[in-house]
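All remarks here apply to the structure that follows.
The values are calculated or read from the model by the stated rules, or taken from the named source; none is laboratory data. These numbers were taken from a predicted model, which means no experiment stands behind them. Here the Cβ is made from the backbone with ideal geometry for all residues, glycine too, and neighbour counts use every protein chain on show. With ligands, DNA and RNA removed, areas are computed over all heavy atoms of the protein, side chains included. Shrake-Rupley method; radii C 1.70, N 1.55, O 1.52, S 1.80 Å.
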Amino acid sequence: HPYFLYRDNDVIAINKPAGIAVQGGSRVVNHIDGVLDYFRFDAPYRPQLLHRLDKSTSGILLLSRRPKVTRRLSEAFRNREIKKLYLAILYGHFPKIKGSINAPLANTNIKNYEKTTFDLKGKESKTLYNVLWKGEHQSIKISLVEFEPETGRKHQIRAHCNYIGCSIIGDRKYLGKLSNKNNIEGLGEKMFLHARELGIPDKDGLTIRIKAPLPTHMINAFKLLKLPKSLLDI
């Protein structure tokens, strides 16, 4: 199945498409949480979500197959023992090739519109970044960046990109004034943030590394923006 990435006795990893919610809400009918029995297979338990991805983010979503695994890996997520790598295509150029964004973040809720923003009194938030490519398309500066969030705040990568003035392409919630000015024809409506890789410690302390192939809208963007083909294999 194209959405399955990995399965053993403890976990299942699926490749979530952009545009599908992980959990239900007041206006969300279709979501991953509602179909978890489909991923049960031969296990006596219904799989459990171990973390979240935003609806518009594609990529690896990890499910636990047993209660004791849920406890062990939930703790590993809390203790930042799980390495998460994301790929994003964004507007603008970062000031450095490698570095980190350290900006405290807090959730704001205005008329049911939730957003995460820089706030000196917010929670400590840190995202490492590595610029893989930068260039221009139709006189618009664009970058391909790998992110490793060290903390797990809601919308962290999206908010940190916005904080330094390099919003992710297709991220309508965080683009603000950029959305109309920089409209690249042919890229479509989806957001270009992909949960690319997870490094998960197993019960013996070894790390299982799982990668999610790039979704079609990202591959098409690589071609349209004329990114080096070698970057497709990272």
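The phi torsions of region 95-107, fed into the Karplus equation with coefficients 6.51, -1.76 and 1.60 and a -60° offset, translate into couplings of x, 10, 6, 10, x, 9, 9, 10, 8, x, 10, 9, 7 Hz, rounded to whole numbers, with Gly and Pro shown as x. Between Gly199, Ala212, Ser143, the Cα set farthest toward the positive side of the dipole of the chain (charges on each charged residue's Cβ, about the Cα centre) is that of Ser143. What are the residues whose amide H is under 5 Å from the amide H of Leu193, where those residues sit 5 or more places off or on another chain and H is modelled from the backbone? For Leu193, the qualifying residues are Ser58.
To the nearest 500 deg cm²/dmol, what mean residue ellipticity at 222 nm is calculated for the chain from DSSP H runs of n ≥ 4 alone, each contributing -39,500 (n - 2.57), summed and divided by the residues? Show your work: numbers first, answer last.
Details: 5 runs with 37 residues, N = 234.
The helix contribution divided over the chain gives -4000 deg cm²/dmol.
The phi-based Karplus calculation (6.51 cos²θ - 1.76 cosθ + 1.60; θ = phi - 60°) puts the 3J(HN,Hα) values of region 197-213 at 8, 10, x, 10, x, 7, 5, 9, x, 7, 9, 8, 9, 10, 10, 10, x Hz, whole numbers, x for Gly and Pro. Sites listed here are trypsin sites (Lys or Arg not before Pro) in region 192-234 whose DSSP assignment is loop and whose Cβ has at most 15 other Cβ atoms within 10 Å: Lys203, Lys226.
Residues of region 5-154: accessible area per residue at 1.4 Å, in Å²?
Values: 8200 Å² over 150 residues.
Value returned for region 5-154: 55 Å² of accessible area per residue.
Over region 122-171, the pair-distance histogram of Cα-Cα distances with 5 Å bins from zero comes to 5, 17, 29, 25, 13, 7, 3, 1 percent, rounded to whole numbers. In terms of distances greater than 29 angstrom between alpha carbons, the cross-link table entries Lys121/Lys211; Lys115/Lys203; Lys83/Lys123; Lys55/Lys134; Lys84/Lys190 yield Lys121/Lys211; Lys115/Lys203. Residue-wise HN-Hα couplings along region 34-43, as the Karplus relation 6.51 cos²θ - 1.76 cosθ + 1.60 with θ = phi - 60° gives them from phi, are x, 10, 5, 4, 4, 9, 6, 6, 8, 7 Hz; Gly and Pro carry x. Taking amide H atoms as placed 1.01 Å from N in the peptide plane, the amide H of Leu5 lies under 5 Å from those of Ala13, Ile14, Asn15, each 5 or more residues away in sequence or on another chain.
Ignoring ligands, DNA and RNA, please state the percent of accessible area on the chain from carbon and sulfur, probe 1.4 Å. List each step's numbers first, then the result.
On the way: 6200 of 12800 Å².
Ligands and nucleic acids excluded, carbon and sulfur reach 48 percent.
On the beta carbon distance between Glu136 and Lys98, with R0 = 22 Å, the FRET formula returns roughly 0.55.
Reachable aspartates and glutamates from Lys16, Cα under 20 Å, same-chain residues fewer than 8 places away excluded? Here the aspartates and glutamates satisfying the reach criterion relative to Lys16 are Asp8, Asp33, Asp37, Asp54, Glu146, Glu148, Asp171, Glu189, Glu197, Asp233. The Lys229 and Phe4 beta-carbon pair, evaluated with R₀ = 45 Å, returns a calculated FRET efficiency of approximately 0.95. Loop-resident trypsin sites (Lys or Arg not before Pro) (DSSP state other than H, G, I, E or B) in region 97-142 with no more than 12 further Cβ atoms inside 10 Å of their Cβ: Lys111, Lys121.
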